[in-house]
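Written out below as structure tokens is the structure these notes cover.
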Amino acid sequence: MYKILIVEDDNTIAEEVGRYLMKWGYEVEAVTDFGDVLGHFGRFLPQLVLMDIGLPFYNGYYWCGEIRKVSQVPVIFVSSASDNMNIVMAVNMGGDDFITKPFDLEVMAAKVQAILRRTYSFSAPTSLMEYKGMILNLSDMTLVCRDEKIELSKNEYRILQTLFENTGKTVTREAIMKRLWDEECFVDDNTLTVNINRLRKKLEGLGVEELIVTKKGIGYRLGEL
């Protein structure tokens, strides 16, 4: 089942579109906190986004740009501002299509189906993980936080992936080491500590402290921030 995220300031339109798409078998969610569109995106992990242009706080172009930092999922702009300048801007910001308000629901659904079919017929969606507004991209080993994107080393990425997969739990040092290195490569316990410290410094550069919490004598867990 494909998941569709609706980012629409008009509740009536969002509800109407949502009900119609659910009749087609899609799983649909609508953003209600327009100051945290990227966070909602990371938690829901949709395969397509319907994006209004005129939104509170930041417009749809801004949020499309933020999504493009972590994912190439299709974004369809939906707006009554259908002049050439807005259409060109939508395309330049990474939009895949443009639907002008008011629109016919059948036409909208047909566009959604066509883009999903074209995008996912031969490839799987990008795999993302989210925690407290931070998005870990499993396909290119990057982390996006507070509008900044950083590249991770293979070990840093695997450490975060392991912790993200075990949110709310403490992961033992032994379990992390097994994830990082295969049996053919012996690495002493100190090497894990070095990797953890390097990752912490990189996160501190993003202004994120206490993401990785040490449970003395056991291992590590994600902090509450």
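The values are calculated or read from the model by the stated rules, or taken from the named source; none is laboratory data. Note that this is a predicted model, so its numbers are computed, not measured. Because the Cβ atoms are built from the backbone with ideal geometry, glycine has one as well, and the counts that use them run over all protein chains shown.
Side notes on the structure shown:
- If you filter the range 104-131 down to residues that are surrounded by 15 or more Cβ atoms within 10 Å (Cβ to Cβ) and in a loop (DSSP other than H, G, I, E, B), you find that the one that is modelled with the highest pLDDT is T126.
- When M51 is tested against (1) over 29 Å from T167 (Cβ atoms); (2) surrounded by 14 or more Cβ atoms within 10 Å (Cβ to Cβ), only condition (1) is not met.
- Scope the range 54-76; condition surrounded by 15 or more Cβ atoms within 10 Å (Cβ to Cβ), of a type in the set (G, A, S) and within 13 Å of E8 (Cβ to Cβ); matching residues: G60
- So D189, is it acidic (D, E) and within 15 Å of the chain's Cα centre (by Cα): no
- In the set (1) crowded, with 18+ Cβ neighbours inside 10 Å; (2) within 20 Å of the chain's Cα centre (by Cα), the condition left unmet by S79 is number (2).
- The combined condition, being in a loop (DSSP other than H, G, I, E, B), in contact (Cβ under 8 Å) with a residue 40 or more places away in the chain and among the aliphatic types (A, V, I, L, M), is fulfilled by L55.
- Residue pairs whose Cβ atoms lie under 8 Å apart, sitting 6 or more positions apart in sequence or on different chains, and linking a residue in the range 73-97 that is touching a residue at least 40 places away in the same chain (Cβ under 8 Å) to a partner that is acidic (D, E) and assigned to a strand (DSSP E or B), are P74/D97; V78/D52.
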